[in-house]
Amino acid sequence: MRRPLIAALAVISFAHPTAAQTCRGLAPYAAGPVQVIGEGSLTPESNAVAAGLGYSLPRGFFADASVGTRSSNTFNGSTLELAAGVGYAIQLGRYQLCPIAAGGIGMGPSKPFGNGEDRSNRTAQLGLAAGVLAGSIARWQFVPTLALSYAYRQDAAHDYTGRTLFQISDRYALVQAGIGFVSHNWSVRPLVELPLSFQSGDPSVRLTVGYNFGRRERAGVP
């Protein structure tokens, strides 16, 4: 019993995925090791736009980073948002699992309502994303995805001297469900994000458009 279990774990640990973005509903890095994305998102209280860059790392690892701006209906001004993440793809037939870790910071809005406050936030996520190639029509493949993460968020405000006025932290579960439409090196992915918390934000809807380019990788290398 012990030997089959060890063998199965070894196959999962050292599998070299050929489509290192199925778990996120985006085009595979086999179509190009560099990925650029544009993204828009909406919540009941805010809207945001962002641009990002992803890269395929050796042995199934991948990394990405993004920069964006968020406008709030509650505060005057906008927040500059910076984010980065890393993941590892495990291919299991049509299915793919990806442990993913990500973090971000938000700067602003500054001096909302003219009261001299500078606001900021920090976020972190650690979770697992899963996706499956469900079918295709013409040149488009359909890739449903589901992710569950343990998330952390800290919101703070400082006065003009740098003194902390308040600081609020929250830890919660984050559920993300979407479906990717992939055609070679193009991808379009609508996604719904649901934070299971009473403090850290509202549900959001995102639309991501991605394009992969660059030299194709050698056969057998993710």
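What follows is calculated from the coordinates using simple rules that are stated; it is not laboratory data. Only a predicted model underlies this, so the values are computations on that prediction, with no experimental measurement involved. Reconstructed Cβ throughout: ideal geometry from the backbone, glycine too, with neighbour counts over all protein chains shown.
Extending 7 Å from the Cα toward the beta-carbon at both Leu92 and Arg59 defines two label points whose distance is 2.1 nm. Subtracting the Cα-Cα distance of Leu126 and Asn47 from their residue separation scaled by 0.36 nm leaves 26.0 nm. Here the label points at Val34 and Val175, each 7 Å from Cα along the C-beta direction, are separated by 3.9 nm in the simple model. All distinct Cα pairs of the range 46-99 go into the 1/r average, and the inverse of that average, the Kirkwood radius, is 13.3 Å.
Subtracting the Cα-Cα distance of Tyr160 and Val209 from 0.36 nm times their residue separation leaves 13.7 nm of extension gain.
Sorted fewest first by neighbouring Cβ atoms within 10 angstrom, Thr22, Thr164, Thr69, Thr123 come out as Thr164, Thr69, Thr123, Thr22. For the range 2-213, the alpha-carbon radius of gyration amounts to 1.12 times the rule-of-thumb value 2.2 N^0.38 Å expected for a compact globular protein. What the phi angles of the range 45-58 give under the Karplus curve with 6.51, -1.76 and 1.60, with θ = phi - 60°, is a coupling list of 10, 7, 9, 8, 10, 8, 10, x, 9, x, 8, 7, 9, x Hz, glycine and proline written as x.
The stretch between Ile168 and Trp140, if pulled fully straight at 0.36 nm per residue, gains 5.7 nm over its current Cα-Cα span. Charges were assigned to the Cβ only: +1 to each Lys and Arg, -1 to each Asp and Glu. The resulting dipole of the range 136-212 about its Cα centre is roughly 280 debye. Rounded to the nearest 20 debye, the dipole size of the range 64-208 about its Cα centre is 320 debye, using +1 on the Cβ of Lys and Arg and -1 on the Cβ of Asp and Glu. Can you list the residues, at least 5 places off or on another chain, whose amide H is less than 5 Å from the amide H of Leu57, using H built in the peptide plane? Amide H neighbours of Leu57: Phe62, Ala63.
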